[in-house]
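Student: My questions will all concern the structure given below.
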Amino acid sequence: MPRLLYEYIYVNMWILLFLTLLWANDGHISFFEGCLLIAFSITVMIFVGKKQLRTAGSARFRKPPL
């Protein structure tokens, strides 16, 4: 998948995390649902963050100058 899609997913997970805290504070969702949404968004952010790393095997990897 393209890197821009990963960045889009990452930003959306931050928005979901913010909305989860907002909804939980207002009482729209239960404590359990809030915990699940927070765990889901953090897990997806970690996964997407690891996918965005540039490694030596990727096509656009550039060796550092030093």
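Student: Of all residues in region 17-55 being under 25 Å from residue 3 (Cβ atoms) and among the aromatic types (Phe, Trp, Tyr), which is nearest to the chain's Cα centre (by Cα)?
Tutor: 47
Student: Moving to a separate point now. Select from region 22-39 the residues that are among the small types (Gly, Ala, Ser) and part of a helix (DSSP H, G or I) and list them in ascending order. It would help to see each step written out before you state the result.
Tutor: In the first step, residues of region 22-39 are kept if they are among the small types (Gly, Ala, Ser); the result is 24, 27, 30, 34, 39.
Within region 22-39, 24, 34, 39 meet the criteria.
Student: I'd like to know if region 1-21 contains one or more residues that are outside any helix (DSSP H, G or I) and modelled with pLDDT under 90.
Tutor: Narrowing region 1-21 to residues outside any helix (DSSP H, G or I): 1-2.
Narrowing further to those that are modelled with pLDDT under 90: 1-2.
For region 1-21, residues outside any helix (DSSP H, G or I) and modelled with pLDDT under 90: present.
Student: Output the residues belonging to region 25-38 that are open to solvent by less than 50 Å² (accessible area, probe 1.4 Å) and either small (Gly, Ala, Ser) or touching an Asp or Glu at 6+ places or on another chain (Cβ under 8 Å) (or both).
Tutor: 34, the sole residue that qualifies.
Student: Of the conditions (1) open to solvent by 80 Å² or more (accessible area, probe 1.4 Å); (2) free of Cβ contacts under 8 Å to residues at least 12 places away in the same chain; (3) not hydroxyl-bearing (Ser, Thr, Tyr), residue 51 clears all except one; give me its number.
Tutor: (2)
The values are calculated or read from the model by the stated rules, or taken from the named source; none is laboratory data. Everything numeric here is computed off the predicted structure, so don't read it as measured data. For neighbour counting, all protein chains shown are included, and Cβ atoms are generated from backbone atoms with ideal geometry for every residue, glycine included. All accessible areas refer to the heavy atoms of the entire protein, side chains included, with ligands and DNA or RNA removed. Shrake-Rupley method; radii C 1.70, N 1.55, O 1.52, S 1.80 Å.
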